[in-house]
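Okay, structure first, notes after.
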Amino acid sequence: MLDALRLRYGLPRGGRDPFRVLVATVVSQRCRDEVTDEVTERLFERFEDIGQIARASLPDLEGALRKSGLYRQKALRIREIARTLLAEHGGGVPDTLEALTSLPGVGRKTANCVLNYGFGREAIAVDTHVHRITNRLGWVKTRTPDDTEKTLMLLVPRNRWAEVNSVFVDFGREICAPRRPRCHECPFKGFCPTGGKNA
């Protein structure tokens, strides 16, 4: 399945700016993917670097983030992260799971996104797409994203961890949507324990 998804969607693009990945992942919480991209772009047009974000007023940050929902909490968190990075990491983003998860409000999913997309490291970032689809396909039977991550780390070869988030996000956008999955178009409907019934 990973081979088929990789052929369909390509390999993930690592090596993006780690701070931008970190901020975008915070913005993405409870936010549609296309809105995340738009809001993140607008934020970095208004605040060019980590220093400007750290010095920004909360109302200014909130204005840039308003369309993403939960913008007050996100503004506070992003500013706290920027200030912590300046104070404790010289303005750089750390490249370990332990250091990343010590930042204000940063959990495993966000940290793994930064490791994966920002640093090109082997990590499985379990967002709502990955958690939902791997449960639907029967790869895992888990209640929480953290449990999904742990199970997938045992199932998926380490050299392919970085692919998981990328291909399942694209697959979740195109076919395996949360409410109305397009099971009739799914290449895996023949052996999907849930989708095959709806094809």
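Before moving on, here are some points about what is shown:
- Expected 222 nm ellipticity per residue - DSSP helices of 4 or more, -39500 (n - 2.57), all of the chain, to 500: -16000 deg cm²/dmol
- Degrees between helix 18-27 axis and first principal axis of the chain (Cα, 0 to 90, nearest 10): 70
- Contact order normalised by residue count of the stretch 115-181, Cα under 8 Å, 6+ apart, percent: 39
- For the set E185, E45, the ranking by accessible area, highest first and with no ligand, DNA or RNA atoms included, is E45, E185 under a 1.4 Å probe.
- Using C-alpha pairs below 8 Å separated by at least 6 residues, the relative contact order for the stretch 72-129 is 23 percent.
- Averaging the sequence gap over all C-alpha pairs within less than 8 Å and six or more residues apart, then dividing by the number of residues, gives the stretch 43-199 a relative contact order of 14 percent.
- Most to least accessible of K67, K141 (protein chains only, probe 1.4 Å): K141, K67
- Summed side-chain charge close to T148 - residues other than T148 whose Cβ falls under 15 Å, Lys, Arg +1, Asp, Glu -1: +3
- The long axis of helix 33-46 is offset from the longest Cα principal axis of the chain by roughly 20 degrees.
- Given (1) 50, 39, 24; (2) 53, 42, 32; (3) 54, 32, 29, the label whose value is Cα extents along the principal axes in Å derived from this model: (3)
- The figure for S57 is an accessible area of roughly 50 square angstrom, using a 1.4 Å probe on the protein chains alone.
- With a simple spin-label model that places each label point 7 Å from the Cα along the Cα-to-Cβ direction, the separation between R180 and R121 comes to 4.0 nm.
- Computed with a 1.4 Å probe over protein heavy atoms only, the accessible area of D17 comes to about 80 Å².
- Reachable aspartates and glutamates from K74, criterion Cα separation under 20 angstrom, eight or more residues apart if same chain: D17, D33, E34, D37, E38, E41, E45, E48, D49, D60, E62, D127
- Seen against the Cα atoms of the chain and their longest principal axis, helix 161-174 is set at about 80 degrees.
The values are calculated or read from the model by the stated rules, or taken from the named source; none is laboratory data. All figures in this text were calculated on a predicted structure; none of them were measured in a lab. FYI the Cβ positions are ideal-geometry reconstructions off the backbone, even for glycines, and counts take in every protein chain you see. All accessible areas refer to the heavy atoms of the entire protein, side chains included, with ligands and DNA or RNA removed. Shrake-Rupley method; radii C 1.70, N 1.55, O 1.52, S 1.80 Å.
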